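Everything on this sheet refers to the single structure shown next.
The values are calculated or read from the model by the stated rules, or taken from the named source; none is laboratory data. Keep in mind that this is a model prediction, so the values were computed, not measured. Please note: Cβ atoms are built from the backbone with ideal geometry, for glycine as well, and neighbour counts cover all protein chains shown.
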Amino acid sequence: MQRISPATRISGEICLPGDKSISHRYAMLAAIAEGKSTIHNYSTGADCHSTLGCVRSLGLAVDERGSDVTIQGRGLDGLRSATGDLDAGNSGSTMRMLSGILAAQTFDSRMVGDESLSRRPMKRIIQPLSEMGAAISAREGGFPPLEIRGKKLTPIDYTLPVASAQVKSCILFAGLYASGQTVVREPVRSRDHTEIALRQLGAEIRVERRVITLQGRPRLTGRELFVPADLSSAAFFLVAALIVPDSELTLRGVGLNPTRSALLDVLVSMGANIRILDVEERNGELVGQIQVRSSALRGGVIEKETTAALIDEIPVLAILGAASRDGLVVRDAAELRVKETDRIATVSENLKRMGIQCEEMPAGLRIPGRQGFHAAELDSFGDHRIAMAFSIAALIADGACEIRGAQAASVSFPEFFRILRQVAGQEAA
């Protein structure tokens, strides 16, 4: 349980933990690269440490010193059979992406997860991997655990039915082991951290609009890597500073990858006072400083490609929508139904507990603007983004709110509540 009091101002300068998406990918690729890789500012979240746990179980040396992680890679064929199950915990990223690597090994693997992950669909990776020659079985309906029998894989030319960076990455990781060219075609451009990381470690990869072509059997080489601060984590603090009056906040070293920065574009289109400074490139990723001030926001519509780009940020944007002038409409977001929770349902439930009008649609939400938030007992439902989003809502409520299951935030952001109280000028309870 966390008790969050209303805030009078959000201010200060903060550095956030490393990007979760990039941390996962760097760890997996470092494991199959040749030689040592040191990953700086590795994510502190439990999900990314599930990936490190799996890498260790596959026979590789992993040294953690604070947020620096060193992995001694042994090349594409250097993994060893785990002595037991590979536990992905709550991490869909770990299970979906690592399956692409495991499908090509000379040994069999079994991947398991917690109760939440065991309810998340895996057919979306089983289908393309099977077309490449993989042998994967799951519970009825395509749910974990996954039994993966290592096979020799063949290249594939695959069109994703739904834009998904995790599925794309799974296929590309499998394609590393297939002789010839693996091609992935995206209906909508998704985050491209995998393509950038592969290029950084030496893979031959070509991207033309929404078509990615990877040459199989490359020699990947370990190197020093830096993980920028997570823009998805920054989203909570950006929204807090926008909706709490008289706020001014600076976030340093944030990842500004163009496939992720739709968040900033949408906020600016709504009237957000945001400045981007000191932009540089590190390991192929753009990194910079974000300055944000409280603003009168118009609200808007999130749909089509923008929904796909903002799928993780929609819970906190729903809070902003209710506080805006015109409200927020979210469409084309059926993917939210199969996240850690049904996020359309859990966002709607918590908003209604706070007295906020909200219409739940099959693939979206309609939230009128100019609404006041009332103190309430809220529930994370075991979902880290729901826990953090409604902590932000509590900052503008008419009294203190309690959030059950707040520990779910540690999946991606263990420091969240400490940093939130720091910028809100509140002492920890």
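Listed by position, the strands (runs of 3 or more DSSP E) contained in region 155-267 that have at least 3 residues being in contact (Cβ under 8 Å) with a residue 12 or more places away in the chain and of a type in the set (A, V, I, L, M) are 211-215, 248-255.
Collect the residues in region 173-185 that are crowded, with 21+ Cβ neighbours inside 10 Å and closer than 12 Å to Tyr158 by Cα, keeping them in residue-number order. Matches in region 173-185: Gly175, Thr182, Val184. Just so you know, in region 60-69 the residues that are closer than 22 Å to Leu176 by Cβ and part of a strand (DSSP E or B) include one that is farthest from the chain's Cα centre (by Cα), and it is Val62.
Looking across Ser43, Ser81, one residue alone is farther than 19 Å from Gly18 by Cα, of a type outside the set (A, V, I, L, M), touching a Phe, Trp or Tyr at 6+ places or on another chain (Cβ under 9 Å) and part of a loop (DSSP other than H, G, I, E, B). It is Ser81. Of the residues making up region 123-133, those that are crowded, with 17+ Cβ neighbours inside 10 Å and either hydroxyl-bearing (Ser, Thr, Tyr) or in contact with a helix residue (DSSP H, G or I) (Cβ under 7 Å, 6 or more places away or on another chain) (or both) number 5. Residues considered: Ser232, Ser269. Of these, the only one that is modelled with pLDDT under 95, of a type in the set (Gly, Ala, Ser) and more than 30 Å from Glu34 (Cβ to Cβ) is Ser232. Among the candidates Thr159, Thr182, Thr194, the residue that is assigned by TED's automatic domain parsing to the domain that holds Thr106, more than 26 Å from Ala88 (Cβ to Cβ) and of a type in the set (Ser, Thr, Tyr) is uniquely Thr159. Taken across region 267-280, residues that are closer than 22 Å to Ser412 by Cβ and under 17 Å from the mean Cα position of the chain (by Cα) do not occur at all. Just the residues that are out of contact with any Lys or Arg (no Cβ under 7 Å at 6 or more places or on another chain), within 26 Å of Leu310 (Cα to Cα) and not charged (D, E, K, R), please, taken from region 18-38. Correct list: Gly18, Ile22, Ser23, His24, Tyr26, Ala27, Met28, Leu29. Glu313 meets each of the listed conditions (1) surrounded by fewer than 23 Cβ atoms within 10 Å (Cβ to Cβ); (2) modelled with pLDDT of 95 or more; (3) among the charged types (D, E, K, R) apart from (1). Count of region 258-282 residues, restricted to those that are at positive phi and touching a strand residue (DSSP E or B) at 6+ places or on another chain (Cβ under 7 Å), is 1.
Listed here are the residues, each with its yes/no results for (1) polar (S, T, N, Q); (2) within 24 Å of the chain's Cα centre (by Cα); (3) within 19 Å of Glu313 (Cβ to Cβ).
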| residue | (1), (2), (3) |
| --- | --- |
| Gln357 | yes, no, no |
| Glu360 | no, yes, yes |
| Gly364 | no, yes, yes |
| Arg370 | no, no, no |
| Ala375 | no, no, no |
| Met388 | no, yes, yes |
| Gly405 | no, yes, no |
| Ala408 | no, yes, yes |
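Restricting attention to region 99-110 and to residues that are touching a residue at least 40 places away in the same chain (Cβ under 8 Å) and touching a strand residue (DSSP E or B) at 6+ places or on another chain (Cβ under 7 Å), the residue that is surrounded by the fewest Cβ atoms within 10 Å (Cβ to Cβ) turns out to be Asp108.
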